[in-house]
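A short write-up of the structure that comes next.
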Amino acid sequence: MPAEISFFNLPNILIMGAYFVAMLVIGGMFVKKSTTSETYFIGNGNIPSWAIGLSMLSASMSSITFLAMPAAAFALDWRMMVPNLSMPVIALFAIWLFIPFFRKNAKVSAYEYLFKRYGSGVRIYSSIVFLLIQVARLGAILYLLVIPLQLITGLSAFWIVVITGGMAMVYTFLGGITASIWADVIQAIVLLLGGMVAVAVVIYSTPGGIPALFDVAMEHHKFSLGPMSWDPSTRTFWTMFTVGLVMWTNAYTTDQNVIQRYLASASTKEARKATLLCAAMSLPTWGLFFLIGTVLFSYYQISPDATVAGLKNDAVFPHFILTKMPAGFSGLVIAGVISAAMGTIGSGLTAFSTVMTTDIIKPYLIKNRTDVFYTRLARGLILMSGLLIFVIAYLLLNSDGEGILDYNYKIVGLLSGVVVCFYLLGFFVPRVNRRIIWWGFGVAFLLNLYLVLVDLAVIPNFLNLNIHSYWVFPLVVTVMIVTCVLLAYLTGAKPDRQAEQLLRKDAPPAP
């Protein structure tokens, strides 16, 4: 970036300072209201549905949303938006089925249900997988935030990690899920304002305004959603849409970040309203950030910049923020970038602490302690997981980050692909008992391992499966479900009586 241009001017400093002070105030407001483990994990039932809906929106966004989506649209078109088009479909299923189900069968954690349905083994496996994925994901988000903020602000990686990750850790540590939700509300507003300001500044800066930007975008097919053909070996519309269906089914049935917000709602009706609000706002929000990339492409076609020609796609938006945005506006946009990351990190730390306490430590490692002990433990786990994501971010910064991220996502897919099947089979196929689920797990895991090793070129593709790596997750899920259903009916398996008794116990109709 040009050395003579500085991000730090009075308007930007005031905006950033106000944002960080607001986060600290929110954390402090809810310290005394989070004195038990249950209120620390799911609040006291008085959080309004609109706040939980905005929190769900904020938790699903990240610095990846704010920066990678514009980069994808700038480089190619809107095909990376396609997986998100399936989100409203899955949200409707969640509103109809998943929300009342979890509110009947879980108190604070998604994995409590798995214990009742399949026993300790499935619960422990799924919990550990979630914890590993959460730490890896949050570390990657923090790493991906450092790169553009270094370009724009000139701060060292150390201070960016400490300020952004540390602030999220502090307000979550103080106020638990309640502080996280209300911080998410502020962050969602800042994120949306930052995105709208970015689009407005590009339009204002372009000779000819909206018509000129639109004409260039149409000429270069920048609004395309990808080829409509059916070709599993490449990223066609149907490949991306199918990936989205599986991805969002996984999110709404297994992700503690989402399910914890179901449970934090005052009632099933309020949880449904929150989810509906999130679904209604998500597509326009994602569309806004793809639009940023599209108008940036058109802008630099109309007003060429030699520097942009030499930049990577994900550096174009940061370059525009620093060089073209007026003071104050650039501060608001960067606050949006940071808020996107902090919202995800804060929610993720809360979910990590909840699962670690509720599903691992309390039932298996440190039993029969007071509630005060478990509340203090939960706060300690916020700090521990925060330090872990700092370490992962630094490891990525001091290595081939892109290669490690790609490898990390493949390994995560290997571990997590089957977890959504535990829930879907539990919901819809009572005959799939504890024995059958492990047989299906074994088949799916071996297939997943084979596909990952082929993709990493460790072994030859002797099955001749010519599919894009995006198809691995949907294929593994399908194979496990089909295997379990076939085994259940071919062997004449019957539902577990113990599971039925546990699911009936302490499960009154959801209010």
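The values are calculated or read from the model by the stated rules, or taken from the named source; none is laboratory data. None of the values given here were measured: they were computed from a predicted structure. Quick reminder, even Gly has a Cβ in these numbers, built from the backbone with ideal geometry, and neighbours come from all protein chains shown.
Residues that are outside any helix (DSSP H, G or I), in contact with a His (Cβ under 9 Å, 6 or more places away or on another chain) and surrounded by fewer than 16 Cβ atoms within 10 Å (Cβ to Cβ) are absent from region 206-228. Take the conditions over 19 Å from the mean Cα position of the chain (by Cα) and assigned by TED's automatic domain parsing to the domain that holds Met69 and apply them to Asp184. Does it pass? Here the answer is no, as Asp184 does not meet what is asked. Right, Tyr111: within 21 Å of the chain's Cα centre (by Cα) and modelled with pLDDT under 85 or not? Taking the combined requirement at face value, the residue does not satisfy it.
Scanning region 153-174 for residues that are in contact (Cβ under 8 Å) with a residue 12 or more places away in the chain and more than 24 Å from Phe30 (Cβ to Cβ), we see that the one that is farthest from the chain's Cα centre (by Cα) is Gly154. Selection within region 28-84: residues that are over 15 Å from the mean Cα position of the chain (by Cα) and among the hydroxyl-bearing types (Ser, Thr, Tyr). The member of this set that is nearest to Tyr300 (Cα to Cα) is Ser49. For Leu446, the stated conditions do not hold, so it cannot be described as in a helix (DSSP H, G or I) and at pLDDT below 85.
Within the span defined as region 503-510, every residue fails to be surrounded by 15 or more Cβ atoms within 10 Å (Cβ to Cβ), outside the structural domain of Tyr113 (by TED's automatic domain parsing), at pLDDT 85 or above and small (Gly, Ala, Ser). Here Gly331 does not qualify as of a type in the set (Gly, Ala, Ser) and either surrounded by fewer than 17 Cβ atoms within 10 Å (Cβ to Cβ) or not assigned by TED's automatic domain parsing to the domain that holds Gly154 (or both).
For region 247-266, the tally of residues that are part of a helix (DSSP H, G or I), within 14 Å of the chain's Cα centre (by Cα) and either not polar (S, T, N, Q) or not assigned by TED's automatic domain parsing to the domain that holds Ser282 (or both) stands at 7. The condition of being under 16 Å from Val199 (Cβ atoms) and hydroxyl-bearing (Ser, Thr, Tyr) holds for only one of Ser339, Ser330, Ser353, that being Ser330. Are there any pairs, at least 6 apart or on different chains, whose C-beta atoms fall under 7 Å, with the first in region 175-198 and over 18 Å from Leu349 (Cβ atoms) and aliphatic (A, V, I, L, M) and the second at pLDDT 85 or above and buried (at least 24 other Cβ atoms within 10 Å of the Cβ), and if so, which? Close Cβ pairs (under 7 Å, with a partner that is at pLDDT 85 or above and buried (at least 24 other Cβ atoms within 10 Å of the Cβ)) amount to Ala198/Ile292.
The criterion of at least 3 residues that are touching a residue at least 12 places away in the same chain (Cβ under 8 Å) is met, among helices (runs of 4 or more DSSP H) falling completely within region 290-390, by 313-324, 329-355. Across region 356-365, not a single residue is classified as of a type in the set (Val, Ile, Thr) and more than 23 Å from Ala110 (Cβ to Cβ).
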